[in-house]
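Everything below concerns the one structure shown next.
The values are calculated or read from the model by the stated rules, or taken from the named source; none is laboratory data. As the structure is a computational prediction, the values presented were derived from the model and not from experiment. Note that each Cβ is placed from the backbone with ideal geometry, even for glycine, and that neighbours are counted across all protein chains shown. For the accessible areas, the whole protein counts, side chains as well, though only heavy atoms, and no ligand, DNA or RNA atoms are used. Shrake-Rupley method; radii C 1.70, N 1.55, O 1.52, S 1.80 Å.
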Amino acid sequence: MSSIWTITPTIEGMQERVKNTAVDNMGIEFTGVGDDYISARMPVDTRTVQPYGILHGGASVVLAETLGSVATNHCLKKDGTAGVGLEINANHIRSVKSGWVHGTARPLHTGGSTQVWEIRIETEDGKLVCVSRITMAVINL
């Protein structure tokens, strides 16, 4: 399989780009890059839980949108463009009280004007927590 990336993502580069942002403040860490995916993990702690002590659905959406956005901006087809979120949905399957959740974004469509990514978020032992889909608009800068 050949790589989908037009700009090769690196863990260090992605982490540097999100310094001093909500992503950084929530403890999200990029963990992997393959020919067609980017992955990251997020702690389930006081920064990411809701009042009942379980992972906040909004935190899962932040992880999903982060992965979809970063992935989009590494496979743009034209210079002078950027990917921005257009629509996101998420189905929350399982609650999590502690540890880390791991998200992986894979493309469903990488067109010149829109991209669609699926993000699966799982527990440390591979149980599905959330599945999300994000549609990204590719805009001219």
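Determine, yes or no, whether V70 is over 19 Å from S2 (Cβ atoms), of a type in the set (A, V, I, L, M) and surrounded by fewer than 19 Cβ atoms within 10 Å (Cβ to Cβ).
Considered against the rule, which asks whether it is over 19 Å from S2 (Cβ atoms), of a type in the set (A, V, I, L, M) and surrounded by fewer than 19 Cβ atoms within 10 Å (Cβ to Cβ), V70 comes out as no.
Which ones in the stretch 45-59 are on the phi < 0 side of the Ramachandran plot and either in contact with a Gly (Cβ under 8 Å, 6 or more places away or on another chain) or assigned to a loop (DSSP other than H, G, I, E, B) (or both)?
D45, T46, R47, T48, Q50, P51, Y52, I54, H56
Return the residue satisfying two criteria in turn: it lies in the stretch 88-111 and is among the β-branched types (V, I, T) and surrounded by 16 or more Cβ atoms within 10 Å (Cβ to Cβ), and of such residues it is farthest from the chain's Cα centre (by Cα). Explain how you work it out, then say what you get.
From the stretch 88-111, those among the β-branched types (V, I, T) are 88, 93, 96, 101, 104, 110; that's our starting set.
Those still in the list that are surrounded by 16 or more Cβ atoms within 10 Å (Cβ to Cβ) too: 88, 96, 101, 104, 110.
Numbers: I88: 11, V96: 18, V101: 12, T104: 7, T110: 15 Å.
By that ranking, first place goes to V96.
Within the stretch 24-44, restricting attention to residues that are open to solvent by less than 20 Å² (accessible area, probe 1.4 Å) and either in contact with a Pro (Cβ under 6 Å, 6 or more places away or on another chain) or β-branched (V, I, T) (or both), which residue is farthest from T72 (Cα to Cα)? Break it down stepwise before answering.
The first filter runs over the stretch 24-44 and keeps only residues open to solvent by less than 20 Å² (accessible area, probe 1.4 Å), leaving 27-28, 30, 32, 34, 38-40, 42-44.
Okay, now just the ones that are also either in contact with a Pro (Cβ under 6 Å, 6 or more places away or on another chain) or β-branched (V, I, T) (or both), so 27-28, 38, 44.
On the way: G27: 21, I28: 18, I38: 10, V44: 26 Å.
Step by step, filter the stretch 24-44, then rank; the result is V44.
Could you check G80 against (1) over 11 Å from the mean Cα position of the chain (by Cα); (2) over 20 Å from K127 (Cβ atoms); (3) buried (at least 19 other Cβ atoms within 10 Å of the Cβ) and say which number it fails?
(3)
List pairs: first in the stretch 95-118 and at positive phi, second part of a strand (DSSP E or B), Cβ under 9 Å, 6+ apart or cross-chain?
That search, which allows pairs on different chains as well, returns G99/P43; G99/T123.
Being within 14 Å of the chain's Cα centre (by Cα) and without any contact (Cβ under 8 Å) to a residue 60 or more places away in the chain is the filter; apply it to the stretch 45-67 and report the residue that is surrounded by the fewest Cβ atoms within 10 Å (Cβ to Cβ).
G58
Only residues in the stretch 16-44 that are in a loop (DSSP other than H, G, I, E, B) count as the first member; pair them with residues that are of a type in the set (D, E, K, R) and open to solvent by less than 50 Å² (accessible area, probe 1.4 Å), Cβ under 9 angstrom, at least 6 apart or cross-chain, and list the lot.
Here the result reads G27/D45, each pair linking the stretch 16-44 to a residue that is of a type in the set (D, E, K, R) and open to solvent by less than 50 Å² (accessible area, probe 1.4 Å).
Of all residues in the stretch 103-141, which are in a strand (DSSP E or B) and either small (G, A, S) or under 15 Å from G32 (Cβ atoms) (or both)? Don't jump to the end; show me each part of the working.
In the first step, residues of the stretch 103-141 are kept if they are in a strand (DSSP E or B); the result is 103-110, 114-123, 128-140.
Those that are in a strand (DSSP E or B) and either small (G, A, S) or under 15 Å from G32 (Cβ atoms) (or both): G103, T104, A105, R106, I119, R120, I121, E122, S132, A137.
What is the residue count in the stretch 68-93 for residues that are touching a residue at least 40 places away in the same chain (Cβ under 8 Å) and assigned to a strand (DSSP E or B)?
11
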